[in-house]
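Engineer: Supplied in structure tokens, the structure appears directly below.
The values are calculated or read from the model by the stated rules, or taken from the named source; none is laboratory data. Keep in mind that what you see is a predicted model, and the values were worked out from it rather than measured. Every residue, glycine as well, gets a Cβ built from its backbone with ideal geometry; the counts of neighbours run over all protein chains shown.
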Amino acid sequence: MNREITSWYSPSLGEEMPIATYGHYGPALLLVPTAGADFLEYERFQLMNDLENVVNAGKAKVFSVNSVNKQSWLNKEMEGSHKAIRHNQWNEYIFNEVVPFIKSQTSGETPVIVSGASFGALHSMNLFLKRPDLLNGVIAMSGVYNLMEYTDGYYDEQVYYNSPAHYMPNLTDHWYLENIRRSRNIHLFSGEGPYEAPWAAREFADVLYGKGITYELDIWGPEWKHDWPTWRAVLPHYLETRL
């Protein structure tokens with residue numbers, strides 16, 4: 001499997017940001033890491049090994065990015081408002097820098113699906129819902145979609161606008177809704193094992209249903225817990241059968 005690491009100084013974030021790219025061609029899969037992890041997390045936990053056949057067959061070209069969660073929501077020393085500012089800068093990095101980079105490495109017509117597990121699922125869903133004109137779908141694995149699960153009780157307007165469980169029930173803007181409805185790749189996965197939150201996936205699926213948005217809610221059994229073996233099984237399966 002072809003593997004390349006690219007890095008540049010991000011104007012949005014004010015620091016060097018690396019991206020790992022796997023494969024040569026296919027629909028683009030943008031991977032967002034969990035919690036405080038980095039752009040090599042999916043490789044380190046061997047998920048990329050499980051994606052090798054899919055990638056080599058041209059069913060996906062994978063782009064894995066860094067998060068700034070340790071500089072935002074997971075930073076216990078930072079004020080809540082400053083955490084939100086840093087997170088919004090990361091959003092802009094994805095929209096204004098990463099997506100154009102992906103297009104430069106594929107084509108302007110190549111669909112881009114964003115995916116993540118755990119905290120990465122929330123971020124992935126939020127990115128897609130904010131820019132359904134740039135991102136063509138989302139595979140959200142084992143997520144909760146209420147950002148306050150990570151804010152230590154802090155809440156302001158920017159928490160609201162980065163928390164899909166908060167803003168989606170109130171979304172009435174025609175442009176956003178129609179662009180979101182256009183996607184046929186909105187996937188909500190959860191297991192029912194330890195530390196999974198199938199209730200969160202079901203609740204958010206109900207929100208999407210209420211907005212007339214087509215989605216897949218996929219709940220696996222109690223043997224599937226909140227851990228890498230689950231996501232290593234789920235993501236290759238989705239890329240083989242959904243895209």
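Engineer: Would you be able to say whether some residue in region 83-100 is more than 25 Å from D133 (Cα to Cα) and part of a helix (DSSP H, G or I)?
Structural biologist: We begin by selecting, within region 83-100, every residue more than 25 Å from D133 (Cα to Cα); these are 83.
From what is left, the residues that are part of a helix (DSSP H, G or I) are 83.
Scanning region 83-100, I find at least one residue that is more than 25 Å from D133 (Cα to Cα) and part of a helix (DSSP H, G or I), so the answer is yes.
For every residue, the table says whether it meets (1) of a type in the set (V, I, T); (2) surrounded by fewer than 16 Cβ atoms within 10 Å (Cβ to Cβ); (3) out of contact with any strand residue (DSSP E or B) (no Cβ under 9 Å at 6 or more places or on another chain); (4) not in a helix (DSSP H, G or I).
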| residue | (1), (2), (3), (4) |
| --- | --- |
| V144 | yes, no, yes, yes |
| M148 | no, yes, yes, no |
| G153 | no, yes, yes, yes |
| V159 | yes, no, yes, no |
| H166 | no, no, yes, no |
| T172 | yes, yes, yes, yes |
| E178 | no, yes, yes, no |
| R184 | no, yes, no, yes |
| F189 | no, no, no, yes |
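Engineer: Right, another one. Please indicate, with yes or no, whether at least one residue in region 218-237 is farther than 25 Å from R44 by Cβ and either touching a helix residue (DSSP H, G or I) at 6+ places or on another chain (Cβ under 6 Å) or crowded, with 17+ Cβ neighbours inside 10 Å (or both).
Structural biologist: In the first step, residues of region 218-237 are kept if they are farther than 25 Å from R44 by Cβ; the result is 218-219, 221-222.
Subsequent filtering for residues that are either touching a helix residue (DSSP H, G or I) at 6+ places or on another chain (Cβ under 6 Å) or crowded, with 17+ Cβ neighbours inside 10 Å (or both) retains 218-219.
Within region 218-237, one or more residues are farther than 25 Å from R44 by Cβ and either touching a helix residue (DSSP H, G or I) at 6+ places or on another chain (Cβ under 6 Å) or crowded, with 17+ Cβ neighbours inside 10 Å (or both).
Engineer: K103: closer than 24 Å to N136 by Cα, among the basic types (K, R) and either surrounded by 15 or more Cβ atoms within 10 Å (Cβ to Cβ) or modelled with pLDDT of 95 or more (or both), yes or no?
Structural biologist: Working: closer than 24 Å to N136 by Cα: yes; among the basic types (K, R): yes; either surrounded by 15 or more Cβ atoms within 10 Å (Cβ to Cβ) or modelled with pLDDT of 95 or more (or both): yes.
Yes, satisfied.
Engineer: Is it the case, given these coordinates, that K103 is under 13 Å from the mean Cα position of the chain (by Cα) and among the basic types (K, R)? Write out each step before concluding.
Structural biologist: Working: under 13 Å from the mean Cα position of the chain (by Cα): no; among the basic types (K, R): yes.
Judged against the criteria, K103 is not a match.
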